[in-house]
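Chemist: Below are the structure tokens for one structure; questions will follow.
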Amino acid sequence: MSTLFALAGLALLLLVLAPDLQARHQLLTMAASFAPYGWVCWLVAVLVGLASTRRRLVVLPLAVGLAAHSFLLLPYLPDAPSAVAGQRATLGVLELNLRFGLADTNQLAAEIDRRRPDVVVLAEVTDSTLKALNTRAWRVRLPYRLGTADADADPATGYGGAAGTMVLSRFALTDLGRAEDTAFTNLAARVAMPQHPFVIVGAHPANPENGLSRWLQDGQSIAQLASAHTGEPLVVAGDLNATAEHLTLRELEARTGLTDTATGRGWLPTFPADAWYPPLIQIDHVLVSSAFTTTGLDTFGVAGTDHRGLMVQLAVS
């Protein structure tokens, strides 16, 4: 029994240590989503080995595997709050996948009114969503917006509704273009924050279930779009359909020098948010350049979507 758990832990460990393996098969990509849970596999293997009256020496390599996997989990451990020296401008970024436009926009509006973000990135915006966003109340909240809306999902087939992505802002936005050859809209915009303008990329690559090549291509295109703006303060926010261990997210961070605001903030899975069990993986992210310091991050729920939203507070240098 301990051997089976050890093999599962080893497989997940290898997918992190050798991320190129994820590009070999769709099942490997999807398995990598659960890489942090490999620690549990190693722990069970060690406990089963200790409970056995035979061959207890086998526990030693199992303990090594447990220690190695524990090291990989360090970014998920909460750090002590970091002090931000001096008076610095602050920025609030909110991100949410609307699940084919089915999320409750009234509840989302209440969250926005309570949290007061400066910039909002929404994925899976549909025509119905856009109708709500074009009301006077929404225009007062966030008067500037860029992006696209997809047609509402077909009730008969369930298809559609995923391609729209929008950036909404308290500050004026300048369109900087879109990623090429992606399944959904991925766009860059310059945000005219007074004295601290920055670029935001609203990102939503296809998930691995859309095909391995599509997932990889979208990841590369978004990395290319973001890397074109690494010379200025940069934020990438959205449903990235990748965990911290995934190849595409790691390549995006490597090419741009961005860091995940969730690092050091504890375990904050965002998906799936509509099941009887709690969310299992974090595929929603806000990545930032060195011009920003994360001062707060939490998740929130909105009825109708299978994602939890992210609200990130940043100090701006």
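Chemist: Can you give me the number of residues within the range 127-150 that are under 22 Å from ALA188 (Cβ atoms) and either touching a Phe, Trp or Tyr at 6+ places or on another chain (Cβ under 8 Å) or in a strand (DSSP E or B) (or both)?
Modeler: Going through the range 127-150 one residue at a time, the tally reaches 5.
Chemist: Have a look at ALA262, ALA237 and point out the one that is among the hydrophobic types (A, V, I, L, M, F, W, C) and in a loop (DSSP other than H, G, I, E, B).
Modeler: ALA262
Chemist: Among the residues of the range 218-231, is any assigned to a loop (DSSP other than H, G, I, E, B), in the same structural domain as GLY296 (by TED's automatic domain parsing), farther than 27 Å from TYR37 by Cα and free of Cβ contacts under 8 Å to residues at least 12 places away in the same chain?
Modeler: yes
Chemist: Could you grab me the full set of residues in the range 190-213 that are within 25 Å of ALA32 (Cα to Cα), more than 18 Å from the chain's Cα centre (by Cα) and in a strand (DSSP E or B)?
Modeler: none
Chemist: May I ask you to list pairs of residues, at least six apart or on different chains, whose Cβ atoms are under 7 Å apart, with the first in the range 141-154 being at positive phi and the second being modelled with pLDDT of 95 or more and among the polar types (S, T, N, Q)?
Modeler: Once the first residue is at positive phi and sits in the range 141-154, its partners that are modelled with pLDDT of 95 or more and among the polar types (S, T, N, Q) give GLY147/THR165; GLY147/THR185.
Chemist: Still on this structure, I have one more. If you check every pair at least six apart or on different chains, which have Cβ atoms under 6 Å apart with a residue in the range 63-92 that is outside the structural domain of LEU47 (by TED's automatic domain parsing) and within 20 Å of ALA291 (Cα to Cα) first and a residue that is surrounded by fewer than 14 Cβ atoms within 10 Å (Cβ to Cβ) and modelled with pLDDT under 95 second?
Modeler: So the pair list comes out empty.
Chemist: So which residues in the range 252-272 are of a type in the set (A, V, I, L, M), closer than 19 Å to VAL312 by Cα and surrounded by fewer than 22 Cβ atoms within 10 Å (Cβ to Cβ), if there are any at all?
Modeler: Answer for the range 252-272, where residues must be of a type in the set (A, V, I, L, M), closer than 19 Å to VAL312 by Cα and surrounded by fewer than 22 Cβ atoms within 10 Å (Cβ to Cβ): just LEU268.
Chemist: Could I ask something else about it? Taking ASN210 as meeting all but one of (1) modelled with pLDDT under 95; (2) of a type in the set (S, T, N, Q); (3) closer than 19 Å to LEU146 by Cα, write down the number of the exception.
Modeler: The single condition ASN210 does not satisfy is (3).
Chemist: Okay, next question. Of the residues GLY219, GLY238, GLY211, which single one is under 23 Å from LEU27 (Cα atoms) and surrounded by 20 or more Cβ atoms within 10 Å (Cβ to Cβ)?
Modeler: Unique residue meeting the criteria: GLY219.
Chemist: Residues that are touching a strand residue (DSSP E or B) at 6+ places or on another chain (Cβ under 6 Å) and modelled with pLDDT under 95: does the range 75-88 have at least one?
Modeler: yes
Chemist: Let me ask something else about it. How many residues does the range 296-317 hold that are in contact (Cβ under 8 Å) with a residue 60 or more places away in the chain, under 27 Å from THR105 (Cα atoms) and surrounded by fewer than 21 Cβ atoms within 10 Å (Cβ to Cβ)?
Modeler: Here the count works out to 5.
Chemist: From VAL48, VAL58, VAL16, VAL44, grab the single residue that is part of a helix (DSSP H, G or I), under 21 Å from the mean Cα position of the chain (by Cα) and outside the structural domain of GLN282 (by TED's automatic domain parsing).
Modeler: VAL16
Chemist: Only one of THR3, THR29 is of a type in the set (Val, Ile, Thr), buried (at least 22 other Cβ atoms within 10 Å of the Cβ) and in contact (Cβ under 8 Å) with a residue 12 or more places away in the chain; which?
Modeler: From the options THR3, THR29, the qualifying one is THR29.
Chemist: With respect to GLN107, determine if the residue is assigned by TED's automatic domain parsing to the domain that holds PRO269, surrounded by 14 or more Cβ atoms within 10 Å (Cβ to Cβ), at pLDDT 95 or above and of a type outside the set (A, V, I, L, M).
Modeler: Here the answer is yes, as GLN107 does meet what is asked.
The values are calculated or read from the model by the stated rules, or taken from the named source; none is laboratory data. Only a predicted model underlies this, so the values are computations on that prediction, with no experimental measurement involved. In this analysis, Cβ positions are derived from the backbone assuming ideal geometry, glycine residues included, and neighbour counts consider all displayed protein chains.
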